[in-house]
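The block underneath contains the structure these notes are about, expressed in structure tokens.
The values are calculated or read from the model by the stated rules, or taken from the named source; none is laboratory data. Note that this is a predicted model, so its numbers are computed, not measured. Note that each Cβ is placed from the backbone with ideal geometry, even for glycine, and that neighbours are counted across all protein chains shown. Accessible surface is based on the protein model in full, side chains and every heavy atom, while ligands, DNA and RNA are left aside. Shrake-Rupley method; radii C 1.70, N 1.55, O 1.52, S 1.80 Å.
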Amino acid sequence: MGKKFLSILVLIFFVLATVLAGCSPSKTSESKTETQETVKPVTIKLGMWSSSPAEMKIVEDQIAKFKEKYPNINVQIETIVGDYMQQLQTQLAANTAPDIFYLDSMPAPQLMSSGVLEPLDEYIKKYNVDVNDFEPALLSAFQWEGKTYGLPKDYNTLALFYNKDMFKEAGINEPPKTWEELKDAAKKLTKDGVKGLVLSIDLARFNAFIHQNGGSVYKGGKPTLNLPENAQALDFYVGFITKDKVADTPQNMGEGWNGDAFAAKKAAMAIEGGWMIPFLKEKAPDLNYGIAELPAGKQKATMVFTVAYVMNKNSKHKDEAFKLIEFLTGKEGQQFVVEAGLALPSRKSMGAKFKEKYPERAALVDGASYAVPWQFGLDGPKIVDAANKACEALIMGQITNAQQALDNAQKEVGQ
Amino acid sequence: MGTKMAMRKRYLYEALTGYAFMLPFIASISIFLIGPLIYAFIISFKEFSFLNPGASRWIGFENYIKLFSDPTFKRALLNTTLYSLGVVPTQLIIALILALIVNSDIKGKTFFRVAYYIPTVTSTVAVSVIFLYLFKADGLVNALLAKFGIQGPTWFYDVRFALPSIMMMAIWSSVGNYMVIFLAGLQDIPSELYEAAEVDGANKFQRFFKITLPMLRPIVFFNLVMSLIGTFQVFDQAYVVSRGTGGPLDATMTVVLYIYRTGFRDFNMGYASAMAFVLFVIILILTLIQRRLFKEETY
């Protein structure tokens, strides 16, 4: 009897709690609008993926600050779990997509060209946004046929992560600065089951080498996979594994990705981005490592991966939505990105602050000025597939000639 | 006359009641299954992207024609066929053997029944992740092989071994399901038949081939169809193991994985729908052939 009574009491409590909780936010917003002006509060939905609780916290903190400035704009975060582009695509089709949302540079051309995004140029002019402060490589990834569709929120570049202890042991004083030095270092570092370098079969990594060699897989709106410069670069990249045997893929080392192999001390060097820092802090807290700019070939080059906030063309509150984008990618919003240190702030002025705060990560910021965005037009995913297959075939020894592998890849994309 | 009218009325009333009971199902199936199916059939004749449905255009059979010259689709079809040919017979034979074992009077059969069934109720993604660990370059399997002096391959990352590895995984994880169905069928066979056979002096093998198998025929047919459909739709193992790429070098590219990539990554829903219908027709034809082979009266 007593038990039953108790459970009913608990139930009533829960019902009341939910009802009250449901009521309270709307009440506070109502009272706020009365004191402000008679503008009706609007709700802006923000779509994002969340790679970590730390990333979620950045956005929540940014929005708390935003609310102080714009009390009558409510922001509702919609986290998409699982395949982001799949879900976003269906939401856009069903007209239930958020007002503003994350967009990665790779699928951006498809969305920009299909007219589901609102061009931001008009708003940029209207609200006087300083777009020249953005790193040009980042902003250009979200421009299509002369219009700007997104403002970059942050980015990451590739750099050389090297194990300082292993370097010392091998008698190398400085991280390699050229291709020759890289090969030399890899040779010296390979011993006792440890490889000098871990290299993944991924265009997102070896494209940096292609550009260092003056090549490019996408030029003037067309795939250009089989340029001789590209073949040379790929040959150099794969050669570490197949010819010199001073590197291997993470899979062959029994690891999931470059980060795992580097953390497990199975490789002395890895080419990765800023996401390695929190990862290594957790997985290998006592690993003594340094971050250097990627070694240069004929020229310096690295990859830049960026994500922007874009606006849904069917948003009902475009002005408010833009205010949110402006805030999140503006100096105030970017301050939170600097503090968190997960990714780099997209504004040049804030990049300087980041370097001040994290001098040991300077290489990541310095790379931005000569970085190539991760984007290859409308056929981007196909180019990536074909290039990866070419690299895979070379590493697995199915083809020995890099030029031939890339010729095949070009043919595959061409049709 | 009067009674006929009354009967008719009653028949109508009963029919209406029946439909009323089915209404929730009919409504949900038409909204969530038949509707989308028809829609997908229509867009398979279009160049269609969800991002911009307004700009889709009618291209007739172009998607279907393109399919048959698409090397990746051909590869995916080949992989799926190989996968099916490998998995279906192996899985059914093992399932039948297991069912016979757990149907006999061995000790602890309840334990075995549960043990064999557990993989079936485990999520494929979880199973795939465990297998990735077991079969990684320096994983448990290779450590075991090394004890016998065999240098193991990298399994999931080796062009020759990737598909067989997935096949092994599929067999291991779904065999329990078919075992349970076989078991139900075995227990439905009247024991008098065996008793009579025993009296007639039939040995174990004769009893199995003359009684058990013929009596199980409808169950075998059912399992065969289900297994075939399941294997032709293989997706999640391939997706997890290759991280959605179908690699290495398309070795694990299956038809459904290619459909998924075309629709959701290349934003080409029309082409993806065309592929889905080709797959549907293939499965339909295979099922009809099987029905023929097993003859309708037994089903």
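Cross-linked pairs A:Lys265/A:Lys382; A:Lys195/A:Lys411; A:Lys191/A:Lys300; A:Lys265/B:Lys136: Cα-Cα separations exceed 26 Å for A:Lys265/A:Lys382; A:Lys195/A:Lys411; A:Lys191/A:Lys300.
What value does chain A have for Rg/Rh, both radii from Cα atoms and Rh as Kirkwood defines it?
Working: Rg = 24.5 Å, Rh = 23.5 Å.
With Rh from the inverse mean 1/r over Cα pairs, Rg/Rh is 1.04.
For the protein assembly as shown, the dipole from Cβ point charges (+1 on Lys and Arg, -1 on Asp and Glu) about the Cα centre works out to 1280 debye, to the nearest 20. Please give the residues of the range A:136-164, grouped as numeric ranges, whose backbone N is less than 18 Å from a label point set 7 Å along the Cα-to-Cβ vector of A:Glu122. Zone members listed by number: A:144-151. Once the dipole of the protein assembly as shown is set up with Lys and Arg at +1 and Asp and Glu at -1 on Cβ about the Cα centre, which of A:Tyr218, A:Ser105, B:Ala272 lies farthest towards its positive end? Of A:Tyr218, A:Ser105, B:Ala272, it is B:Ala272.
Please give the length that would be gained between B:Ile229 and B:Leu16 if that part of the chain were fully extended, namely 0.36 nm times their separation in residues minus their C-alpha to C-alpha distance (nm, one decimal). Numbers along the way, then the final one.
Numbers: separation 213, 0.36 × 213 = 76.68 nm, distance 3.47 nm.
Using 0.36 nm per residue and subtracting the Cα-Cα distance, I get 73.2 nm.
All other residues with a Cβ under 14 Å from the Cβ of A:Gln212 taken together, and with Lys, Arg as +1 and Asp, Glu as -1, what is their net charge? Don't skip to the answer; put the middle values down first.
Details: positive: A:Lys177, A:Lys183, A:Arg205, A:Lys298, A:Lys300; negative: A:Glu180, A:Glu181, A:Glu229, A:Asp235, A:Glu293.
Result for the local shell: 0.
How large a share of the accessible area of the protein assembly as shown, in percent, is made up of carbon and sulfur atoms when the probe is 1.4 Å and the other protein chains stay in place? Percent of accessible area from carbon and sulfur atoms in the protein assembly as shown: 62.
Solvent-accessible surface, computed for protein heavy atoms with a probe of 1.4 Å, shrinks by 40 Å² or more for no residue of the range B:61-84 when the other protein chains are added to the isolated chain. Counting Lys and Arg as +1 and Asp and Glu as -1 over every other residue whose Cβ lies under 14 Å from the Cβ of A:Lys177, the net charge comes to -3.
Per the Kirkwood treatment, what hydrodynamic radius in Å, one decimal, follows for chain B from the mean inverse distance over all distinct Cα pairs? Please report the intermediate quantities before stating the final value.
On the way: mean 1/r = 0.0436 Å⁻¹.
22.9 Å is the Kirkwood radius here.
Could you tell me the distance between the Cα centroids of the range B:190-266 and the range A:165-181, to the nearest Å? So the separation of the two Cα centres works out to 56 Å.
Contact residues in the range B:154-177 (at least 20 Å² less accessible area with all protein chains than alone, 1.4 Å probe): B:Thr154, B:Tyr157, B:Val159.
Is the C-alpha gyration tensor of the range B:1-93 telling us rounded, prolate or oblate? Criteria: a/c under 1.5 is rounded; beyond that, a/b larger than b/c is prolate, otherwise oblate. Intermediate values should be presented prior to the final figure.
Details: a/c = 3.57, a/b = 1.74, b/c = 2.05.
Judged from the Cα gyration tensor, the range B:1-93 comes out oblate (a/c at least 1.5, b/c at or above a/b).
Secondary structure note: in the protein assembly as shown, about 65% of the DSSP beta bridges are antiparallel. Centroid-to-centroid, using Cα positions, the range B:95-174 and the range A:313-330 are 52 Å apart.
Solvent-accessible surface of chain A, taken per residue with a 1.4 Å probe and all protein chains present: 45 Å².
A simple packing score, the average count of other Cβ atoms within 10 Å per residue, orders the peptides A:293-301, A:184-192, B:103-111 as A:293-301, A:184-192, B:103-111, with the highest score first.
Relative to the longest principal axis of the Cα atoms of chain A, the long axis of helix A:348-357 makes an angle of roughly 80 degrees. At a threshold of 30 Å², the residues of the range A:383-415 that become less accessible to a 1.4 Å probe in the full protein assembly than in their chain on its own are A:Asp385, A:Lys389, A:Glu392, A:Met396, A:Gln398, A:Gln415.
Computed over the protein assembly as shown, the per-residue total of -39500 (n - 2.57) for DSSP H runs of n ≥ 4 gives a 222 nm mean residue ellipticity of -18000 deg cm²/dmol, rounded to 500. If a spin label sat at a point 7 angstrom from the Cα of A:Lys222 along the line to its beta carbon, the backbone N atoms of the range A:397-415 nearer than 17 Å would be those of A:407-415.
Only Cα pairs under 8 Å and 6+ residues apart enter the sum, and on that basis the relative contact order of the range B:67-294 stands at 27 percent. How big is the Rg/Rh ratio for the protein assembly as shown, C-alpha atoms only, Rh by Kirkwood, two decimals? Checking Rg against Rh, the ratio lands at 1.03. Express in whole angstrom the spacing between the alpha-carbon centres of the range B:9-26 and the range A:41-95. Computed from Cα coordinates, the inter-centre distance equals 47 Å.
Quick check for me: using +1 on Lys/Arg Cβ and -1 on Asp/Glu Cβ, what's the dipole size of chain A about its Cα centre, in debye to the nearest 20? Don't jump to the answer; show the numbers that get you there.
Working: 47 positive and 50 negative charges, 89 e Å.
For this selection, approximately 420 debye.
Under the convention that each Lys and Arg Cβ holds +1 and each Asp and Glu Cβ holds -1, the size of the dipole of the range A:265-415 around its Cα centre is about 200 debye. Translational diffusion coefficient of the range B:2-43 (Stokes-Einstein, Kirkwood radius from Cα pairs, 37 °C, 0.692 mPa s): 266 µm²/s.
Taking the charge dipole of the protein assembly as shown about its Cα centre, with +1 at Lys and Arg Cβ atoms and -1 at Asp and Glu Cβ atoms, the residue from A:Gly196, A:Pro136, A:Ala64 reaching farthest to the positive side is A:Ala64.
If the range B:108-212 were replaced by its equivalent ellipsoid, with semi-axes equal to the square roots of 5 times the Cα gyration tensor eigenvalues, what would those be, largest first, whole Å? Let's see the in-between values first.
Working: eigenvalues 314, 59, 29 Å².
Its equivalent ellipsoid spans semi-axes of 40, 17, 12 Å.
Say the dipole of the range B:1-107 comes from +1 at the beta carbon of Lys and Arg and -1 at that of Asp and Glu; which of B:Gly54, B:Tyr19, B:Phe73 then lies farthest toward its positive end? Positive-most Cα among the choices belongs to B:Tyr19.
What average count of beta carbons from other chains do you get within 10 Å of the Cβ of residues in A:73-86? Mind dumping the intermediate values first?
Details: counts 0, 0, 0, 0, 0, 0, 0, 0, 0, 0, 5, 0, 3, 5.
What the average comes to for A:73-86 is 1.
Within the listed set B:Leu82, B:Leu163, B:Leu249, the residue fluctuating most in the Gaussian network model of chain B (springs between alpha-carbon atoms under 10 angstrom) is B:Leu249.
Between B:Gln206 and B:Lys74, the distance separating the two model label sites (each 7 Å from Cα on the Cα→Cβ line) works out to 5.4 nm.
Working from label points 7 Å from Cα in the Cα-to-Cβ sense, the B:Thr120 to A:Gln404 distance is 5.0 nm.
Using a 1.4 angstrom probe on protein heavy atoms only, the contact between B and A buries about 2300 square angstrom of accessible area, both sides summed. In the full protein context, chain B carries 58 Å² of accessible surface per residue, based on a 1.4 Å probe and ignoring ligands, DNA and RNA.
For A:Lys389, the shell of other residues with beta-carbons less than 14 Å away shows a net charge of -2, using +1 for Lys and Arg and -1 for Asp and Glu.
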